[in-house]
Amino acid sequence: MTDRAPALKLNNNREMPIIGLGTFMAASEVIEPMVDAALEAGYRFIDTGYWHCNEEAIGSALNKWLRSGRITREELFIATKMPSTANRAELVEESLKKSLEALQLSYIDMYILHFPFGYEYLDLQQRLCVVDNTTDIVSIWKAMEQQVEAGRTLSIGLASFNARQLKRIVKAARIPPAVLMIELNVYLQQKELVGFCKALDVAVCAYAPLGSPDLPLLMKMMGFDSESIPALNALSDPVVLSIAEKHSKTASQVLLRHIVQRGIAAVPKSMHPSRIKENFQVFDFELDDDDMDRLYVLDKGRRARMYNTSIFPE
Ligand SMILES: NC(=O)c1ccc[n+]([C@@H]2O[C@H](COP(=O)([O-])OP(=O)(O)OC[C@H]3O[C@@H](n4cnc5c(N)ncnc54)[C@H](OP(=O)(O)O)[C@@H]3O)[C@@H](O)[C@H]2O)c1
């Protein structure tokens, strides 16, 4: 087993490993080899969500490791997210209990409010989405705070919130968000929002840290109009490739190292054990100032946003 990832210190004094395993769009059948490869490589942070439809498979894979004694619960950092059809204060406890049951855990490390808005009804197979215009993020947050007090989650966080929404929560919170999870990669560097989070002592975790290159294809295969998703691939960017060559590393390792050196956590996803291992090997080299500057100028801002909810009807 290799060394574990360094961790970010959260505002509640807990620690979150800086590299975790992303699992979006990973079907249950591929979860066990993914979790095995990740834990063997040294990952301890696994990111899932109700919407990933794989909490149960992750629960079984983790349970196998826990029962064998190869890992202890305390070593793991498991994050999951609330269903966006349950973005209501009165549904928070029930949703978290369902996730705990699926994951076969008595508590999770981070419960995340997945979106600042909710859906009354959502059926991606049928492409039916009805936005719930009554979502009240502050009352949901208060219900999430109760889950910390009840011991069902150690920390609570937000995903895809902007600075204004984050400020609203921080102002109303008894327990401030420990983490904001946002789409962030070399093409979408989110410098302003990251600075805002740092000033508020909210850790940042990058989703789509490799730029989610297959997302347009995946959305198209699911029948969505993926025209509004930019066709970008940071993994083949010439600047990234030249820095990778300089350090005898791969493009994905350079992309992840850039994020880690900014003091940001990341949850790259791969369904291939060899890539899962590769994505964790980012702690044995350092990008110099020149590399960092060359990567900073690749920022394309909002034009590079892949996760664009406008692809859903309504
Ligand atoms: N909070 C939220 O709202 C939210 C939203 C979106 C995503 N997320 C989380 O963030 C995670 C990551 O985002 P993402 O999955 O969209 O994108 P990503 O991690 O940026 O990219 C994943 C893609 O890159 C490929 N890949 C991974 N490692 C590679 C490597 N070493 N070399 C070449 N290709 C590689 C994967 O293909 P293979 O699988 O074929 O290797 C997959 O197609 C998700 O899985 C999820 O856990 C959270």
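The values are calculated or read from the model by the stated rules, or taken from the named source; none is laboratory data. On a predicted model such as this, the values are computed, not experimentally measured, just so you know. FYI the Cβ positions are ideal-geometry reconstructions off the backbone, even for glycines, and counts take in every protein chain you see.
Within segment 257-276, being closer than 28 Å to GLY157 by Cα and more than 9 Å from the ligand (Cβ to nearest atom) holds for ARG257, HIS258, ILE259, VAL260, GLN261, ARG262, GLY263, ILE264, ALA265.
Considering (1) more than 16 Å from the ligand (Cβ to nearest atom); (2) aromatic (Phe, Trp, Tyr); (3) surrounded by 15 or more Cβ atoms within 10 Å (Cβ to Cβ); (4) farther than 24 Å from ALA173 by Cα, the lone condition that TRP51 does not fulfil carries the number (1). Would you confirm whether or not segment 183-192 contains a residue that is away from the ligand (no atom under 13 Å from the Cβ) and touching a strand residue (DSSP E or B) at 6+ places or on another chain (Cβ under 9 Å)? Yes, the conditions are met somewhere in segment 183-192. For segment 51-90, a residue qualifies if it is over 22 Å from the mean Cα position of the chain (by Cα) and at pLDDT below 95, and the qualifying residues are ALA89, GLU90.
The number of residues in segment 228-278 that are of a type in the set (Ser, Thr, Tyr), surrounded by fewer than 16 Cβ atoms within 10 Å (Cβ to Cβ) and within 23 Å of the chain's Cα centre (by Cα) comes to 3. Consider segment 199-217 and keep the residues that are under 18 Å from ARG303 (Cβ atoms) and of a type in the set (A, V, I, L, M). The one that is farthest from the ligand (Cβ to nearest atom) is ALA206. Of the residues making up segment 19-28, just one is more than 9 Å from the ligand (Cβ to nearest atom) and modelled with pLDDT of 95 or more, namely ILE19. Report, by residue number, each residue of segment 6-42 that is over 14 Å from the mean Cα position of the chain (by Cα) and outside any helix (DSSP H, G or I). Hits for segment 6-42 are PRO6, ALA7, LEU8, LYS9, LEU10, ASN11, ASN12, ASN13, ARG14, GLU15, ALA27, GLY42.
Selection over segment 191-232 of residues that are within 24 Å of ARG275 (Cα to Cα) and polar (S, T, N, Q) gives a count of 1. Looking only at residues that are closer than 30 Å to LEU10 by Cα and within 16 Å of the ligand (Cβ to nearest atom) in segment 120-140, which one is modelled with the lowest pLDDT? Among residues in segment 120-140 that are closer than 30 Å to LEU10 by Cα and within 16 Å of the ligand (Cβ to nearest atom), the one modelled with the lowest pLDDT is THR135. Scanning segment 156-166 for residues that are away from the ligand (no atom under 15 Å from the Cβ) and either in contact with a Leu (Cβ under 8 Å, 6 or more places away or on another chain) or at pLDDT below 95 (or both) yields a single hit, ALA163.
Of everything in segment 254-304, what is under 29 Å from ASP201 (Cβ atoms), touching a Pro at 6+ places or on another chain (Cβ under 9 Å) and β-branched (Val, Ile, Thr)? Give them in sequence order. Once the filter is applied, which keeps residues that are under 29 Å from ASP201 (Cβ atoms), touching a Pro at 6+ places or on another chain (Cβ under 9 Å) and β-branched (Val, Ile, Thr), segment 254-304 yields ILE259, VAL260, ILE264, VAL267.
Out of GLY69, GLY42, one residue alone is surrounded by fewer than 21 Cβ atoms within 10 Å (Cβ to Cβ), within 16 Å of the ligand (Cβ to nearest atom) and at positive phi. It is GLY42.
Against the conditions (1) more than 11 Å from the ligand (Cβ to nearest atom); (2) surrounded by fewer than 24 Cβ atoms within 10 Å (Cβ to Cβ), PRO177 satisfies every one except (2).
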